[in-house]
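Report on the structure given below.
The values are calculated or read from the model by the stated rules, or taken from the named source; none is laboratory data. Because the structure is predicted, anything quoted here is derived from the model rather than measured. Here the Cβ positions follow ideal geometry from the backbone for every residue, glycine too, while neighbour counts run over all protein chains shown. Heavy atoms of the whole protein, side chains included, go into the accessibility calculation; ligands, DNA and RNA do not. Shrake-Rupley method; radii C 1.70, N 1.55, O 1.52, S 1.80 Å.
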Amino acid sequence: MRKIFTDFPIKGTFALSADDAHHVLVVLRHTVGDRLRVTDSEGATYECLITAMEGHAAVLTPVQKISDGSIRNGEVILAAGLLKGDKFDWVIQKATELGVSRIIPVQMRHCVVKLNEARRRGRWERWNRIAAEAAKQCGRDDIPPVEDVMDFPALVQTYQSRRFVIPYERETAPFHAVCQDLHHGDLVLCIGPEGGFAEEEIQYASTHASWCHTVSLGPRILRAETASLAALAIIMYERGFK
Ligand code: SAM
């Protein structure tokens with residue numbers, strides 16, 4: 001069943017969002033007295049009773065706490081170069097299904113796409129909607145936030161104390177050489193755009209991040225979106241998909 005999330009902590013009786021109320025009452029045909037599982041903004045899941053409905057609005061009362069939220073091995077951030085068309089939408093949807101913790105769209109030197117302020121805002125809203133929808137569909141306990149677009153040096157500076165794993169098209173060192181370091185802890189997985197990484201970007205990450213490894217995904221050049229998903233799947237596999 002599709003997950004229901006609130007964007008606030010559940011403390012008592014509350015109303016579902018218009019979208020969720022429509023889904024629950026109209027699509028799933030639930031009614032007063034039915035029970036639903038709802039996960040709140042802190043990751044806690046409650047069994048809730050539908051106590052009132054009026055038109056397309058539904059009021060729920062929590063009756064039992066089911067869990068405090070999933071225990072994770074640390075954050076896996078996907079920081080990927082902006083892509084043309086709707087390819088980034090696809091990356092967000094699939095990365096959410098694979099269990100990414102957070103997604104950061106990155107403006108890199110060789111990005112074909114350059115977003116102005118107005119388009120950034122529109123994309124940011126759409127990307128977060130895609131992540132929320134994918135999280136509901138795949139039944140995860142949380143919605144991975146999609147951050148605002150960052151440029152590459154700002155990304156490295158912000159997360160410099162974290163471990164950076166960078167699949168780099170000119171690298172030959174195999175991914176499995178770093179796999180034993182990926183089992184837990186906070187990671188930033190960085191993927192270049194269609195035009196690839198600029199050499200200076202790799203230099204910058206290597207000198208400014210406290211732990212940074214470039215790795216190969218094999219002898220074939222993968223599309224950026226394939227590389228994001230292949231690398232993320234390797235990392236999630238190493239973490240037991242938690
Ligand atoms: N324009 C680049 C070229 O022709 O060499 C290719 C860039 S590739 C389409 C986009 C990104 O996917 C790369 O920057 C890298 O992060 C990742 N990638 C693709 N294939 C890879 C490989 N075989 N090994 C490591 N990373 C790869």
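See the values below:
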quantity: Heavy-atom surface of region 4-67, accessible at 1.4 Å and reported per residue (Å²); calculated: 54
quantity: For the chain: relative contact order, % (alpha-carbon pairs under 8 angstrom, 6 or more apart); calculated: 21
quantity: Amide H partners (placed H, <5 Å) of Thr6, local residues excluded; calculated: Thr39, Asp40, Ser41
quantity: Alpha carbon convex hull of region 106-170, projected area averaged over orientations, nm²; calculated: 6.2
quantity: Average projected area [Cα convex hull, region 76-238], square nanometres; calculated: 8.7
quantity: Other-chain or far-sequence residues with amide H under 5 Å of Phe197's (modelled H); calculated: Glu169
quantity: Met108, Met150, ranked by accessible area, largest first (probe 1.4 Å); calculated: Met150, Met108
quantity: From phi via Karplus (6.51, -1.76, 1.60), per-residue ³J(HN,Hα) for region 122-129 in Hz, x at Gly/Pro; calculated: x, 5, 4, 5, 5, 4, 5, 5
quantity: Part-to-part distance (alpha-carbon centres) for region 9-26 and region 172-242, which is given in Å; calculated: 39
quantity: Highest-MSF residue in the chain out of Leu182, Leu222, Leu28 [GNM, Cα springs under 10 Å]; calculated: Leu28
quantity: Restricting region 16-104 to trypsin sites (Lys or Arg not before Pro) in coil, as DSSP defines it, with at most 10 other Cβ within 10 Å; calculated: Arg29
quantity: Aspartates and glutamates whose Cα lies under 17 Å from that of Lys11, excluding same-chain neighbours fewer than 8 positions away; calculated: Asp40, Glu42, Glu47, Asp68
quantity: Segments 209-216, 229-236, 48-55 sorted - mean Cβ within 10 Å per residue, highest first; calculated: 229-236, 209-216, 48-55
quantity: Share of carbon and sulfur in the accessible heavy-atom surface of region 134-227 [1.4 Å probe, %]; calculated: 49
quantity: Solvent exposure of region 76-238 as accessible area per residue, Å², 1.4 Å probe; calculated: 46
quantity: Listed residues Asn116, Asn128, Asn73, most fluctuating in the chain (Gaussian network, C-alpha, under 10 Å); calculated: Asn116
quantity: Cross-link pairs Lys65/Lys136; Lys3/Lys242; Lys84/Lys242; Lys3/Lys87; Lys84/Lys136; Lys87/Lys136 - those with Cα-Cα distance over 23 Å; calculated: Lys84/Lys242; Lys3/Lys87; Lys84/Lys136
quantity: Mean separation of Cα contacts under 8 Å, 6 or more apart, over the residue count of region 52-137: relative contact order %; calculated: 31
quantity: Cβ charges +1 (Lys, Arg) and -1 (Asp, Glu), total dipole of the chain, debye; calculated: 360
quantity: Sum of -39500 (n - 2.57) over DSSP H runs of 4+, divided by residues of the chain (222 nm, nearest 500); calculated: -9000 deg cm²/dmol
